[in-house]
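Everything below concerns the one structure shown next.
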């Protein structure tokens, strides 16, 4: 089954697995410069390297534990493969990376606000921003497709699943439930994924793409 996966989905799964092995081998401290640190955290002696531009992408290939990696890769397998078959490898990879970066930008904004309120600087890792973007795209492209949750095992339409997860993440982010989980990064991945799909479709807020006006040559 793994050999029959589309190439980008397979490559992303391999890359995430290899980076996790590096984390276990070298330790998180050796790879701190690749985690996503809040803006302005470089002056904090406990904040590792502080923010560096490449972290907008590299954090999305690191994970906080095996369970974190496992659930993200299962979701990548479940939602990423059909999307890549539909879009093709280039568009799929573009979409996934935009969601990862968009999630990072939202997390940086939240981190900056948290630090301005006296909060501590802590890094963010995980592919969840990209995964939540894939979830949103799957719900938009296949809204009537029925999917089965793992916990609890409840079947529901893909569109319903997107709405449920989006509302849960928003409520958890606002109320501070499950601290240590980047809820707004997840929402950021969904937001940037939605914007990119709207852009590709020529829908608001980007407006319809108008064909060029015909010119009369005399």
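So the values come out like this:
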item	result
Ranked 168, 131, criterion: other C-beta atoms within 10 Å, fewest first	168, 131
Whole-angstrom gap from segment 127-163 to segment 61-114, using each part's C-alpha centre	14 Å
Rough spin-label spacing in nm, given labels placed 7 Å along Cα→Cβ, for residue 26 and residue 145	3.5 nm
Residue 33 versus residue 170: modelled label distance in nm, points set 7 Å from Cα along the beta carbon direction	4.0 nm
Rg over Rh [alpha-carbon atoms, Kirkwood Rh] for segment 21-113	1.02
Burial ordering of 96, 138, 165, fewest other beta-carbon atoms within 10 Å first	165, 138, 96
Theoretical ellipticity at 222 nm over the chain - DSSP helices of four or more residues, -39500 (n - 2.57) apiece, nearest 500	-18000 deg cm²/dmol
Mean projected area in nm² (Cα convex hull; one quarter of hull surface) for the chain	16.3 nm²
Rough spin-label spacing in nm, given labels placed 7 Å along Cα→Cβ, for residue 116 and residue 97	3.1 nm
Mean separation of Cα contacts under 8 Å (6+ apart) over length of the chain, as relative contact order %	21 percent
Crossing angle, helix 158-175 versus the chain [Cα axis fit, 0-90 degrees, rounded to tens]	40 degrees
Net length gained if the chain between residue 200 and residue 70 were fully extended (0.36 nm per residue, minus Cα distance)	43.7 nm
Between helix 89-116 and the chain: long-axis angle, C-alpha atoms, 0 to 90°, nearest 10	50 degrees
Nearest-ten-degree value, helix 128-141 long axis tilted from longest Cα axis of the chain	20 degrees
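Only the coordinates and a few stated rules stand behind these numbers; no lab work does. What you see is a predicted model; the values in this text were computed from it and never measured. Neighbour counts run over all protein chains shown; Cβ positions are idealised from the backbone, glycine included.
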